[in-house]
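S.K.: Below: one structure in C-alpha cells.
Just so you know, all these numbers are worked out from the coordinates, no wet-lab data involved. This structure is a prediction, so every number in the text was calculated from the model and none was measured. As a convention, Cβ positions derive from the backbone with ideal geometry for all residues, glycine included, and neighbour counts pool all protein chains shown.
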C-alpha cells in the first residue's frame, strides 16, 4: 500500500504577500549593504586624511550609488503596495490601540504588545528613512563647485548634513527593528517560503 502525497498549494493572497515581502527584503538588503559601504568608505580626499579614498570594493562607487538608489526605490514601492493591501489590517490595529489606551484591563497579550511596538517603530523609522532618502534623490548634491551647484544644499527644512544624520540613524533604527521583526516571525517566514517553492513543483494527482 502506497501513501499518496498530498499536493502542496498556496492561496493567491499568501503568494502575493510572499512576493511583496520578498521585494521589500531584496530592496532592503541592497540599500543596507550599499549604505554600509558609504558609511565605512566616506567620499572625498579630505586633504589626504581619508585612507579609503579611491578604494574599490567589489564595485565602483558609482555602481554602489545606483544599488543604493534603486534598492531604496524598490523597497519604498514594495512597502507602499504592502500597506495598500493590508490597509484594513492597519486601521483595525489602530482602532485596537485606541481602545487599549482607555482600557483599564490588559487588552493586549505581551506578545501582541511587542509585535505592535516593533511594527510601529518599523513604520516610523521607515518613513524617516524614506523621506530623507527622497531628499537626496531630488537634491543629489555633487561637488560644491565654488557655490555654483544649486543642488549642493538647497536647505529644505534642514541642512544637507542634518538630512544625512537623519537618514543614517533612521536607517539604523529601521535595520534593528526589522531584524527583531524577522526574528519574531521567523517560523512563519520559513514555513511560507518552504511552501512557496514546494508549490511551484509539479503536484501529485489523485489516483
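S.K.: For residue 70 and residue 176 in the same chain, what is the full-extension length gain: residue separation times 0.36 nm, less their Cα-Cα distance, in nm?
M.R.: Values: separation 106, 0.36 × 106 = 38.16 nm, distance 2.16 nm.
Separation in residues times 0.36 nm, less the Cα-Cα distance, equals 36.0 nm.
S.K.: Let me ask another. If R₀ is 22 angstrom, what is the calculated FRET efficiency for the pair residue 159 and residue 63, using the beta carbon separation as r and rounding to 0.05?
M.R.: Once the sixth-power term is evaluated, E becomes 0.20.
S.K.: While we're looking at this one, here's another question. Which value in nm describes the separation of the simple spin-label points at residue 90 and residue 36, placed 7 Å from the Cα toward the beta carbon?
M.R.: 2.9
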